[in-house]
Every structure is written in structure tokens, then in C-alpha cells.
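S.K.: The structure that follows is given in the form of C-alpha cells.
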């Protein structure tokens, strides 16, 4: 994560993962989730925080989920159904439930199919936000498989909506893509990115810590890219740009990838254009053993990843990293020392605890 998004030292409150996990589970159960789904949902958020992906951990997301449950937009105990199925594919309906616990159901279906047939793909419609997309892609790793997760949609999706290149109106969500591939001794390759210039929740994080947005991250309401550092404008006064930012810098590529995510997560799942962003997910699993020897694959991955990490760094940089390496280091560090939350996040936990009569005390 960029340095600007780190919680300022003076505002950090360190909390051990076990304590934050218990508090998060308590809130989910209060929202009506079963114990199993509450534990799974908390696991998605806590792993995100442990890997340093704070934008998709409890800081930003839990309060949004609580609001969604209270408004009725998220169903606490959804009925998940299978709409269509073949030996290697399925289309599922998430019943309006939170993707933190509905998406793993679909990913597990894909994993079981890939065990039998080498590859599998599953789409899920009518499911809400699934948190860190990498969590679901990484489920394949323990089975010596490669995992893919996409999530997002289209239509008019508000402030976190992406404008198409040269457009003034939101037509996509941030539409992230995550890949996970195992290695042997090296940390696995885990690539998880939005197709916007920056993840939408990083805007909230920047606002919380007072960081400026970079040029080319957002547009004004006329679709004109804002090309100087800026504070996050008020809600309703900006839109997000595809990665690349401007056409000259390749925004058509981010726009195209966002369209691919939309097609696979929404159209292929049978959803219409106005289905909610984040309401459609797509999963793919590659069983490595169906393609090559697993041990050789993982050894070759070690060679590949070590080669990347050993690349001579440019002046002013200490090393070259690859997707998944910094996160594995962060996981180790935070296991020892706890997760550094902003004090505002801790205040929110105490506030919601009082509202719901939960008795949560952090840290």
C-alpha cells in the first residue's frame, strides 16, 4: 500500500487480530448471521487487515455492511441456489446475502469441479460486496490450484463508479480482478487490483487520514480529469477514472478490463445492466495437476518469483517486489505486533457497541 495511506503514527491503535476478530464476529451475529457465516465473514475482513489491505478490512467495510443490514439491502441468512450447472460450470444466485460468506460457497463449487475436470468456472449473481477479492482467489492455493476472482458490475453506481474513457457518467464499479498462484518456498503470487486508477475505498482512507489524491485519479462532474493533487471532493462531485487515468496514458485499457469484468460477472450470470455493482462475481480455478507436475510448477514459481525479487532496483529503491510478497511480510509483522487501526475506527467500534448493547472494548 502506498505510504500516504498508512495510518499516521500518532493516530495508530494496535489491536491483536484475535480481539478484533471476536468483536467483528459479535457485530455480524447481531446483524442476524449464523455463527458459521459470522466467523467466515470476519475471517475475510481480518485477513485483509492482516495483509495490509486496510481498505477492505473492518475500517471501511464493516460500517457499510451494518448500514446495509439495517436498510434491508443485505439479507442476513440468504438462500443460495444453483440456477444452471454443467460438470465444469455453474451459475448461482446469492440470495441477496453478503459476498463475504456467499462467494466462498461459489468458489468451493469451482474448486470441487476443478478437482474432477481440471478447470471450472462459476458465476454468482444477486450477491453483495465480497470484500478483498484476493481472499476468494487464494482459497485455491491450499488445493495446489490457481484461483481467479472478479467482482463488480455496471449501471449508475455513484461516487465509486467509473466513467468510461471520455464519459461523464458512471458506467462501472471499481470492478477488481484477483489472481492467486502457489509457490513452494516463496510466498505465493497474489495479484488483486481494481480496474480504476485507485480502489474506491482508498478514497475513504485518504479522507480519514487527510491525504491528497493523486492527479488523474478522479474526474469532476463534467468528466474532466482532475490533474493536480486534491482533497477528496464532497459526495456527488466526482467520479473515478479507469486505470491509466487519461486516454494518452492508457485509460482505454482500464475501461476495457472493467467491461470484461462486467461481462463475466453480470451478463454471463444473467443479470441486467442495472444490477447493483458488486452484486455479481466470477470465479475460475485451474487444477495445476491437470496441466503439469505440481512439484515442478511450484519449484518453477520459486525460480520465477526469486528472479523478480532479485532484479536490480532502480536508484532510490531498495528492492523489486512482486504481488503477494509485501502482503506476506505484513501478515508476519501484524501477527507479532497487532493491526494498526486509526483511532477513529476504534471510536466507531465503541460507538456501535453502545448502540447495539454489545459490550465491545478495544484494544
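The values are calculated or read from the model by the stated rules, or taken from the named source; none is laboratory data. Everything numeric here is computed off the predicted structure, so don't read it as measured data. Quick reminder, even Gly has a Cβ in these numbers, built from the backbone with ideal geometry, and neighbours come from all protein chains shown.
For every residue, the table says whether it meets (1) modelled with pLDDT under 95; (2) within 30 Å of residue 30 (Cα to Cα).
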{"site": "279", "(1), (2)": "yes, yes"}
{"site": "282", "(1), (2)": "no, yes"}
{"site": "291", "(1), (2)": "no, no"}
{"site": "298", "(1), (2)": "no, no"}
{"site": "308", "(1), (2)": "no, no"}
{"site": "329", "(1), (2)": "no, no"}
{"site": "332", "(1), (2)": "no, no"}
{"site": "335", "(1), (2)": "no, yes"}
{"site": "360", "(1), (2)": "yes, yes"}
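S.K.: Just give me the residues in the range 296-343 being within 19 Å of the chain's Cα centre (by Cα), within 25 Å of residue 177 (Cβ to Cβ) and not in a helix (DSSP H, G or I), in sequence order.
M.R.: 322, 323, 324
S.K.: Right, something else. Run down 68, 99, 152 and say which single residue is buried (at least 21 other Cβ atoms within 10 Å of the Cβ), within 25 Å of residue 348 (Cα to Cα) and touching a residue at least 60 places away in the same chain (Cβ under 8 Å).
M.R.: Of 68, 99, 152, the one residue that is buried (at least 21 other Cβ atoms within 10 Å of the Cβ), within 25 Å of residue 348 (Cα to Cα) and touching a residue at least 60 places away in the same chain (Cβ under 8 Å) is 99.
S.K.: Pull out all pairs, ordered by first then second residue, where Cβ-Cβ is under 7 Å, the residues are six or more apart or on different chains, the first lies in the range 115-132 and is free of Cβ contacts under 8 Å to residues at least 60 places away in the same chain and at positive phi, and the second is surrounded by fewer than 24 Cβ atoms within 10 Å (Cβ to Cβ) and not in a strand (DSSP E or B).
M.R.: Qualifying pairs under 7 Å: none.
S.K.: Additional query: Among the residues of the range 181-198, which ones are in contact (Cβ under 8 Å) with a residue 60 or more places away in the chain, outside any strand (DSSP E or B), closer than 16 Å to residue 52 by Cβ and touching a strand residue (DSSP E or B) at 6+ places or on another chain (Cβ under 8 Å)?
M.R.: Of everything in the range 181-198, just one residue is in contact (Cβ under 8 Å) with a residue 60 or more places away in the chain, outside any strand (DSSP E or B), closer than 16 Å to residue 52 by Cβ and touching a strand residue (DSSP E or B) at 6+ places or on another chain (Cβ under 8 Å), namely 188.
S.K.: While we're here: Which condition does residue 325 not pass, out of (1) in contact with a helix residue (DSSP H, G or I) (Cβ under 8 Å, 6 or more places away or on another chain); (2) over 30 Å from residue 120 (Cα atoms), if it passes all the others?
M.R.: Condition (2) is where residue 325 drops out.
S.K.: Counting residues that are in contact with a helix residue (DSSP H, G or I) (Cβ under 7 Å, 6 or more places away or on another chain), which strands (runs of 3 or more DSSP E) fully inside the range 67-180 reach at least 2?
M.R.: Correct list: 89-93, 119-125, 145-151.
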